[in-house]
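The values are calculated or read from the model by the stated rules, or taken from the named source; none is laboratory data. Because the structure is a prediction, the values reported are computed rather than measured. In this analysis, Cβ positions are derived from the backbone assuming ideal geometry, glycine residues included, and neighbour counts consider all displayed protein chains. With ligands, DNA and RNA removed, areas are computed over all heavy atoms of the protein, side chains included. Shrake-Rupley method; radii C 1.70, N 1.55, O 1.52, S 1.80 Å.
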Amino acid sequence: MKTTRQHEASGLGAATTGEQDFGMRIKTIRQARELTLEQVAELSSVSISTLSKIEKGQVSASFDTIAKIASAFDYSLAELFAEELPNQPLTSGAMQGRRTYTLAGKGIAFTNPWFRYEVHAAELLVKGMIPVVMDIETQQLPPPEAWSQHAGEEFIYVLSGEVMLHTQLYAPLRLAKGDSAYIDSTMRHTFVRLSDGAASLISICQTEKLDIEDLAGFS
């Protein structure tokens, strides 16, 4: 008899195409666990309407929203986007001799109306940090519901261009190439591109699983 996770993995042929269809994958996992949208909404703190739209592919989910859904299913981000979902949950016990790498352009990519995300080191399923490269595409302040807020701390380093870091408790902070910031990421935060050209940064989230509020547009 198959376990719940084996049922989930066996359904991924329908849940993924050449590019992963995130909404279909979420629906496959939810149905394999015989969960309603209402139950997943309660577990993830993502609204029922948002979950429904994500499953139908009507909206792209924010990075934070994806992480909240992954946490509700007891998956890390890397597990959720692996080609095959693991049959057994992974534990976060101490491990030695670990190594992984991400070739240029080969990270897990997400986009929304404001940002483009690329998650690195996704092959390593148990880790204490989540490194994300972000292209800041908006020059307008995202709406409040699109701001990011999640467990842990976050190191931000600007790779190109100029950005404005907006946070819940501090005045906006202008950051140029080579500048950095370190924040408590339970504080709501977001970015705006100031430069006419491209602006990108690396964000390293110190948390094993992002059980979080909406990293927007993935919402």
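A few points about this structure:
- Considering only residues in the range 188-219 that are modelled with pLDDT of 90 or more and assigned to a loop (DSSP other than H, G, I, E, B), the one that is nearest to Ser52 (Cα to Cα) turns out to be Arg188.
- Of everything in the range 45-54 that is assigned to a helix (DSSP H, G or I) and crowded, with 21+ Cβ neighbours inside 10 Å, the residue that is modelled with the highest pLDDT is Leu51.
- Look at (1) of a type in the set (Ser, Thr, Tyr); (2) loosely packed, with under 14 Cβ neighbours inside 10 Å; (3) in contact with a strand residue (DSSP E or B) (Cβ under 7 Å, 6 or more places away or on another chain) and you find that Ser195 fails only one, number (2).
- Flag for Thr138 being among the hydroxyl-bearing types (Ser, Thr, Tyr), closer than 23 Å to Ile108 by Cβ and buried (at least 19 other Cβ atoms within 10 Å of the Cβ): no
- Any hit, the range 24-35, residues being farther than 21 Å from Val133 by Cα, not in a helix (DSSP H, G or I) and not basic (Lys, Arg): yes
- Selection from the range 118-135 of residues that are of a type in the set (Gly, Ala, Ser) and open to solvent by less than 40 Å² (accessible area, probe 1.4 Å): Ala121, Ala122
- Test: Phe115 is in contact (Cβ under 8 Å) with a residue 24 or more places away in the chain and in contact with a Lys or Arg (Cβ under 8 Å, 6 or more places away or on another chain): no
- Residue in the range 100-113 that is open to solvent by less than 30 Å² (accessible area, probe 1.4 Å), modelled with pLDDT of 75 or more and part of a loop (DSSP other than H, G, I, E, B) present: yes
- Some residue of the range 146-153 being touching a Leu at 6+ places or on another chain (Cβ under 6 Å), part of a strand (DSSP E or B) and not hydroxyl-bearing (Ser, Thr, Tyr): no
- If only residues of the range 156-182 that are open to solvent by 70 Å² or more (accessible area, probe 1.4 Å) and of a type outside the set (A, V, I, L, M) are counted, the one that is nearest to Leu141 (Cα to Cα) is Pro172.
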